[in-house]
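Okay, handing you the structure first.
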């Protein structure tokens, strides 16, 4: 604000002095030259704030703002980076796991519908976290299938499976073997749960 007041006072003072000088100078041929010089000086006075703007150091402008200082130690920065990495890794793992479950469901469902007239409600895959970097069939610890009888999936109503189907261990073992051979997983890593039980 003080800069603006100084600038306006300089312009007013110069106009006052220019008026006094033009009144004191006699009417001669030099009058036009003097008015041109005064006009140029007034023009330069109007450009003064613009030239002052280009001469200002950006650090002085930033120091006028009240910004909180960012004093983060390298250790805190390293912790923050590792936290962000773990968050990104966790979301990536969750996405990959979801895609794996969808892939398993879509690849096995058609076979189960054709052979056993059984539909898959959900597939849940549990991975062994200690075996990073190995083959997929070595990382998969357990696959849980939620099955229903028939290929029509009802969301609201719970489908009751006949008791002879759920009690028949041979059919259940045969379904497990079919899934196992289709996915290339051991039979003991496959769990089947009937919807409605």
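Derivation of every value follows stated rules applied to the coordinates shown; laboratory data play no part. Since this is a predicted model, take the numbers as computed values, not measurements. Positions of Cβ are generated from backbone atoms using ideal geometry, with glycine treated the same way; all protein chains shown enter the neighbour counts.
Using 0.36 nm per residue, how much length does the chain from residue 122 to residue 31 gain when fully extended, once their Cα-Cα distance is taken away? Could you put the intermediate results ahead of the total?
On the way: separation 91, 0.36 × 91 = 32.76 nm, distance 9.75 nm.
Answer, rounded to one decimal: 23.0 nm.
In nm, to one decimal, how far is the residue 188 label point from the residue 2 one, both placed 7 Å along Cα→Cβ?
About 8.5 nm separates the two model spin labels.
Could you give the radius of gyration (one decimal) and Dmax (whole number) of the Cα atoms in segment 77-133, in Å?
Reported Rg and Dmax, both Å: 16.8, 57.
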